[in-house]
Each structure stands twice: as C-alpha cells, then as structure tokens.
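The values are calculated or read from the model by the stated rules, or taken from the named source; none is laboratory data. Keep in mind it's a predicted model, so treat the numbers as computed, not measured. No Cβ is skipped: glycine too gets one built from the backbone with ideal geometry, and neighbour counts run over all protein chains shown. Note: areas computed on protein heavy atoms with side chains; ligands, DNA, RNA excluded. Shrake-Rupley method; radii C 1.70, N 1.55, O 1.52, S 1.80 Å.
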Amino acid sequence: AGLKIDWLIENNRSGLIENFLKQNNEFSGKSKAVQYLVDENIAQADIKKGCDKVKFIDSNVKDAYLEKFKIYCLIFKNKRNEAQLVFDILKEQNLSDSFFNNKINFLLGLSKETETKINDKNLLNFYLSSVTVKNFNYEPNDKTDKFIWEYLNAANLITVNDIEDNRKIKNLE
C-alpha cells in the first residue's frame, strides 16, 4: 500500500486516495495519505473541507501533525472544550511543541498575545501563522513548499509591491 499511496500522492490523485482510505481501514502510509488530503485542502484555503478529512484519523493513527490539525478543526467548529481536551492529551504525549502551544492557547483565548514569527516549517504551522499574526506578510522564495505557494495564492496573500522586481514575478509564475 505504501508504494501505491506514494504514487497517488506524486500524481495528485486525491479522489483515488480518498476512495482508498474509505475502503481500507489499516495500512502503512495511512497518516501520509490523510496528511496529503488535509494539506491539499489547506493549500486551497478550504479549511472546512480539510477538517472533513479528519474523519479518516482514528485511534490507530498516531500522527502529531494530524492530531494538531484535528485540534485546530475543533476550534474552527467552535468545539473549544473538546479541542482543549485533545490538546491536553497531545501535550501529555509530548507530541506538541512551543509554537503550536502558543497558537492554540491564543486561539482558545487562554492567552491574549501570540508570537508574531511566521513558521513555514510545514503547511499547518504556516496556516496557523497566517490566521494569528496581525498584518501577516510573507515573502516566498524558490525553497518555499508548493503547498505554501498554493495557499498564499488561494488566500490572496501574495502581494507584489515592486512591479520592477522581475525575480519575484518570475517566482510567482
């Protein structure tokens, strides 16, 4: 199943990945497949649809990235108490990190401020930065992940201030 999932991801076959997930409960590479579907929807700035993909995460999937996204989805759906519970469990299992804790505490209203550093280590961290940092401004480059580029475009976060800057325009294309 692992090679099949890798091929489906490389060839952007979301529909087939979703069908495979519906038909197969347990297989190696499941969290990778779910993360691909989640990231694809975040990249399209469709958080609601991304949160729908969380249904593929069951107790067999132990994946910090997906658990973090599940917590964000609970907040997104205004299920704060449930989000707090899952967040506490994540922290107990040492699957959380200071960046994520900072953002979730802010989104849950437990802290008034959040760090303003933009984290582009992965799409979820980047997305959390974009929704919590005031006057969010990010300059992508040729090393920027393709999903981050897609999200910037879908969420209308790409600004070209200097039309003369051909390199930036070339990167945007």
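Carbon-plus-sulfur accessible fraction, the chain (probe radius 1.4 Å, protein heavy atoms only): 45%. In a fully extended conformation the segment linking residue 110 and residue 134 would gain 6.9 nm over its present Cα-Cα distance, using 0.36 nm per residue.
Probing with 1.4 Å while keeping every protein chain in the model, the per residue accessible area of the chain equals 59 Å². For the set 55/134; 30/53; 49/146; 4/32; 79/121, the pairs lying more than 21 angstrom apart at their alpha carbons are 55/134; 79/121. The percentage of C-alpha pairs in the stretch 1-126 whose separation is greater than 20 Å is 45%. Determine, from the Cβ-Cβ distance of residue 95 and residue 16 and an R0 of 41 Å, the FRET efficiency 1/(1 + (r/R0)^6), rounded to the nearest 0.05. With R0 = 41 Å, the Cβ-Cβ based efficiency is 0.90. Rolling a 1.4 Å probe across all protein chains gives residue 10 an accessible area of roughly 140 Å².
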